[in-house]
Amino acid sequence: MRAKITYFVLAAVLVVYFVLAGDRGVVLIEQGTPITVVFGVAVLIIPLIGAWFLWQTTRFAHRADQLAKELDAEGGLPVDELARTPGGRIDRASADEVFARRKAEAEASPEDWRCWFRLAVAYHDARDTPRARKAMQRAIALHDGKAVRG
């Protein structure tokens, strides 16, 4: 819950920033000189890209959360079986062992979104965030019945 609150607070701060930056861009465009119009457009592009990125990230997190709830209702969420260091961090060897099993499971059932969801969790536990995100995107696409590349 704490992570969600932090996310929404940071998202709200970003939205305020986007509004303020957008306002500055409009003010520059209203000046009407060629240089201020160019700067104004450039200043408007940054909040637009940021807003798009924020929207995509929020949508991704929401869809992943929906899949987690569905998998939990089915009793298919991966159990935390990872060994931890005395400081509470995940033991790398343990994460690699679980990852190998999850990868084999996904390779055996490449069209099952549940396997890809569990693989995404294993990637995350192994601290491979880019691959975790790609695996989760694949799980979402499979769940939604969309064509999946690669």
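The values are calculated or read from the model by the stated rules, or taken from the named source; none is laboratory data. Just so it is clear, the model here is predicted, and its values are computed rather than measured. Cβ sites come from the backbone with ideal geometry, for glycine too, and all protein chains shown count toward neighbours. Remember, those area values only see protein heavy atoms, side chains included, never the ligands or the DNA or RNA. Shrake-Rupley method; radii C 1.70, N 1.55, O 1.52, S 1.80 Å.
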Need the list of lysines near residue 146 for cross-linking: C-alpha distance under 27 angstrom, and skip anything on the same chain fewer than eight residues off. 69, 103, 134
Mind grabbing the accessible area of residue 35 for me, 1.4 Å probe, Å², rounded to tens? 100
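Mind pulling the per residue volume of the convex hull built on the Cα atoms of the range 30-77? Å³ is fine.
On the way: hull volume 2.1 nm³, N = 48.
Residue-normalised Cα hull volume stands at 44 Å³.
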Just to be sure I follow: if Rg is taken over the C-alpha atoms of the range 67-113 and Rh is the Kirkwood radius over the same atoms, what is Rg/Rh? 1.06
Could you derive backbone 3J(HN,Hα) for the range 139-146 from the dihedral phi with the Karplus parameters 6.51, -1.76 and 1.60 (θ = phi - 60°), listing whole Hz in sequence and x where the residue is Gly or Pro? 4, 5, 5, 5, 4, 7, x, 8
With every protein chain in place, the chain: carbon and sulfur % of accessible area (1.4 Å): 65
Report the percentage of all Cα-Cα pairs in the range 43-124 whose separation exceeds 23 Å, rounded to a whole percent. 41
So if I take the centroid of the Cα atoms in the range 117-139 and the same for the range 29-92, what is the distance between those two points in Å? 14
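Using packing as a proxy for protection, rank 139-145, 107-113 so that the peptide with the highest average count of other Cβ atoms within 10 Å comes first.
Details: 139-145: 17.0, 107-113: 12.3.
Ranked by mean Cβ neighbours within 10 Å, highest first: 139-145, 107-113.
Could you tell me which of rounded, prolate or oblate describes the range 100-150, using a ≥ b ≥ c as the square roots of the eigenvalues of the alpha-carbon gyration tensor, with rounded for a/c under 1.5 and, failing that, prolate when a/b is larger than b/c and oblate otherwise?
Numbers: a/c = 2.15, a/b = 1.36, b/c = 1.58.
Judged from the Cα gyration tensor, the range 100-150 comes out oblate (a/c at least 1.5, b/c at or above a/b).
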If you plug each phi of the range 77-91 into the Karplus form 6.51 cos²θ - 1.76 cosθ + 1.60 with θ = phi - 60°, what whole-Hz ³J(HN,Hα) values come out, in order, with x for Gly and Pro? 5, x, 7, 6, 10, 7, 6, 10, 6, x, x, x, 6, 6, 5
Cα convex hull of the range 1-64: how many Å³ per residue? 55
State the volume of the convex hull built on the alpha-carbon positions of the chain, expressed per residue in Å³ and rounded to an integer. 163
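Using per-residue counts of other Cβ atoms within 10 Å, averaged over each peptide, order 115-125, 77-87, 94-104 from highest down. List each step's numbers first, then the result.
Details: 115-125: 23.7, 77-87: 11.0, 94-104: 16.5.
In descending order of packing, they fall as 115-125, 94-104, 77-87.
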What accessible area, in Å² to the nearest ten, does a 1.4 Å probe give for residue 136? 20
Net length gained if the chain between residue 55 and residue 73 were fully extended (0.36 nm per residue, minus Cα distance): 3.8 nm
